[in-house]
Structures are given as structure tokens and as C-alpha cells.
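The structure appears right after this line, and notes come after that.
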Protein chains: 2
Amino acid sequence: MTGRSDWSSHVHAVLAGAGFRRGGARERVIDLLAGESCALSAVEIEDALRAKGRPTGRASIYRVLELLGEHDLVERVEVGDGVARFEPAHPGGEHHHHLVCDRCGRLVAFDDPGLERAIGRLSDRLGMRVDHHEVVLRGSCETCG
Amino acid sequence: MTGRSDWSSHVHAVLAGAGFRRGGARERVIDLLAGESCALSAVEIEDALRAKGRPTGRASIYRVLELLGEHDLVERVEVGDGVARFEPAHPGGEHHHHLVCDRCGRLVAFDDPGLERAIGRLSDRLGMRVDHHEVVLRGSCETCG
DNA sequence: GCGATAACGAGACTCAATCTCATTTCATGG
DNA sequence: CCATGAAATGAGATTGAGTCTCGTTATCGC
């Protein structure tokens, strides 16, 4: 199992290896993401950092997220409300997908090996290189059920 | 196989059955969608209608798309560029998903029974009602391969 | 036709996301 | 240890998809 601070050091290792300097904004965003389990939007990150007394420029937050995304260090999740959310991407490749509750809007994470296998077989059949996939289910969560 | 004008009459039947009046904007959007195979964004619809000499208000286009969506007459597709796209949803429930080419941005449609079965089994396992699902693959298309 | 009301549309508005550019910070070599 | 050039940052302007308002227009049951 890949832990939280492990992700953080993985991120630092990758970025240092790619020749990037360190910077305050980057550290703050990485710290925050490392400690959050659910996906956060850029605006939520901005608000959370300000609330923690570590205000950070909007442009920097988007820049950091873009950088992390380019290096496959975060996963971008879009559930149809026009807002992009981000969560740590773990090096092993294990990942999960999301169910969006249409009643309360809550985001529920799940994983399913059968689904992953089906997508793997599909990639082979299509004969195209598939680097990434995202599955979004819509329905109602246990609370709203 | 469900044809184009078939979708159009299905839409009219559903809306008439639900007690909606007809209106110019609605007809224009439905006509356009019925004739297009790929998913269109609201802005693309606005531009296409204006180009065809049938200019239609933006608010009306969004209203029509929302109405069609509420009645499962269109499928909303989001591929991560922050723009919602819409395409006719056929009554049988058969649908497809999309691969987005990261090089040229092209949208390629595909369907896969194995994937649908995996999602069906997953819904059962989760024990939550799953009304809808969307799968987006990212990679490179045949042209860019 | 007439009237109630649904449908429409011009344009103001919201807000996530992007862009600009001046300032600050880093890390390297002298 | 500090000068220096590049990278990183951030305040604020800008963009653009999407929403909202409200007065006007069209539909359809009577």
C-alpha cells in the first residue's frame, strides 16, 4: 500500500530528477494533496491553503497541477460539473474511479479489477495506444439510496 | 439499427407525450443533432445554426439540451477540455464511449460489450443504483498513432 | 380568433481557468 | 558568502462556457 508521505517523496524525487527547482507554492500544494484523500478542485485548494494561513496564488496552483499532471503525479477527475478535480496518482498504477450521487453530489470512490481487465482487453482490440482511462458512474449513493 | 430521422421522431413523440409544446429553437436544435454523428458542444451548435441561416439564442440552445438530457434523449459527453458535448441518445439503450486523441484532439467513438458487462457486474457488486456511466479513454488515434 | 402560458432570445452576469508581467526565490559558481 | 541568471511566484486582468433575467413571441386548447 502506498502511503501519503510516500507520495509526497515520490513527487519530489520525480520533479528533482526532471531538474525542477523547489518553490513555496509547489510545496504547499503537494503537502495539501498528500494529506487529502478525496479529489480537490483548484478553487478548493486555493481556499484550503488560505484557510491554513498559507495563501497561494491562483496561477501558481494551476501551474503546479499542470506540472504534476504532465508527470503523471496527479490524476485529473471530471465528473460533469464543469470543474476539474485532482488527486494524488500513485506510482504503482493502482487507481480508482468515481460514482457521483445525482441527489447530493457526493463523490464515492471505488475500484474494480474486472473493469480494469475489460478496459485492458478493449485497448488491445482497438489497436490504438491507450494511456489513460476514466470511468464515471452516476446514480445514488448509500445515504441517498 | 436506429436511424437519424428515427431519433428525431422519437424525440418528438417523447416530448409531445410529456405535454411540451413545439417551438422554433427546439426544432432547429433537434434537426441539427439528428443530422450530426459526432458530439457537438453548445457553442458549436450555436455557430452551426447561425451558419445555416437559422440563428438561435444561446439560452434556448442550453434549455433544449437540458430538456433533452432530462428525458434521456441526448447523451452528455465530457472529455476533459471543460466543454460539454451532446449527441443523440437512442432509445434501445445502445450507446458508445469515446477515445480522445491527445495529439490531435480528435474524438473516436467505440463500443464494447465486454466493458458494458463489466460495468453491469460492478453496479451489482456496489449495491447502489447506477443510472448512467461514461468511459473516456485517452491515447492516440490511428492517424497520429 | 383569444387568452393563458409555454417557448424564445438579447444581453448581463458568474466563475473556473488562463494569461501577463513585475517581483521574489532558488541554486550555482565564482 | 554573495552575485547572478533562470525558475518560480502572485496580483490582477482577461477569456469563455454556461446561467440567469425579463420582456417579447409563438403555440394550442377553447
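The values are calculated or read from the model by the stated rules, or taken from the named source; none is laboratory data. The structure displayed is predicted, hence computed values, not measured ones. Ideal geometry is used to build each Cβ from the backbone, glycine not excepted, and the neighbour counts take in all protein chains shown. SASA here: full protein model, heavy atoms, side chains in, ligands and nucleic acids out. Shrake-Rupley method; radii C 1.70, N 1.55, O 1.52, S 1.80 Å.
Mean projected area of the convex hull spanned by the Cα atoms of chain B, taken over all viewing directions: 10.4 nm². Between B and A, buried accessible area from a 1.4 angstrom probe totals roughly 2600 Å², ignoring ligands, DNA and RNA. When DSSP beta bridges are limited to those with both residues in chain A, what percentage is antiparallel, rounded to the nearest 5? Taking every DSSP beta bridge with both residues in chain A, the antiparallel ones total about 75 percent.
Stokes-Einstein, applied to the Kirkwood radius of the protein assembly as shown over Cα pairs at a viscosity of 0.890 mPa s and 25 °C, places its translational diffusion at 116 µm² s⁻¹. Sorted shortest first, the distances from the B:Gly92 label point to those of the same residue in the other copies are 4.2 nm; each point sits 7 Å from Cα along Cα-to-Cβ. Contact order for chain A, expressed relative to its length and based on alpha carbon pairs under 8 Å spaced 6+ residues apart, stands at 19 percent. The phi-based Karplus calculation (6.51 cos²θ - 1.76 cosθ + 1.60; θ = phi - 60°) puts the 3J(HN,Hα) values of segment B:115-124 at 5, 4, 4, 4, 5, x, 4, 4, 4, 4 Hz, whole numbers, x for Gly and Pro. For peptide A:106-117, the mean count of partner chain Cβ atoms within 10 Å of a residue's Cβ comes to 3. Residue and distance for the chain A Cβ closest to the axis that moves A onto B, in whole Å, come to A:Ala118, 2. Label-point distances for B:Val130 to the equivalent site in the other copies, using a point 7 angstrom along Cα→C-beta, read 1.5 nm when ranked shortest first. How large is the accessible surface per residue of the protein assembly as shown, computed with a 1.4 Å probe and reported in Å² as a whole number? It amounts to 53 Å² per residue over the protein assembly as shown.
Test of understanding: given chain A, find the longest segment containing no trypsin sites (Lys or Arg not before Pro) that are in a DSSP loop and have at most 13 other Cβ atoms within 10 Å.
Between exposed loop sites, the widest span is A:53-102.
The spacing between segment B:81-95 and segment A:1-71, judged by their C-alpha centroids, is 34 Å. Sorted shortest first, the separations between the A:Asp47 label point and its copies elsewhere in the assembly read 3.3 nm; each point sits 7 Å from Cα along the Cα-to-Cβ line. Loop-located chymotrypsin sites (Phe, Trp or Tyr not before Pro) in segment B:62-145 (DSSP state other than H, G, I, E, B) with a sparse environment of at most 16 neighbouring Cβ atoms within 10 Å are absent. Within the accessible surface of chain B, defined with a 1.4 Å probe on protein heavy atoms only, the carbon and sulfur portion equals 49 percent. Hey, in the GNM for chain A with a 10 angstrom Cα cutoff, which one of A:Leu49, A:Leu115, A:Leu68 fluctuates hardest? Highest fluctuation among the options: A:Leu115.
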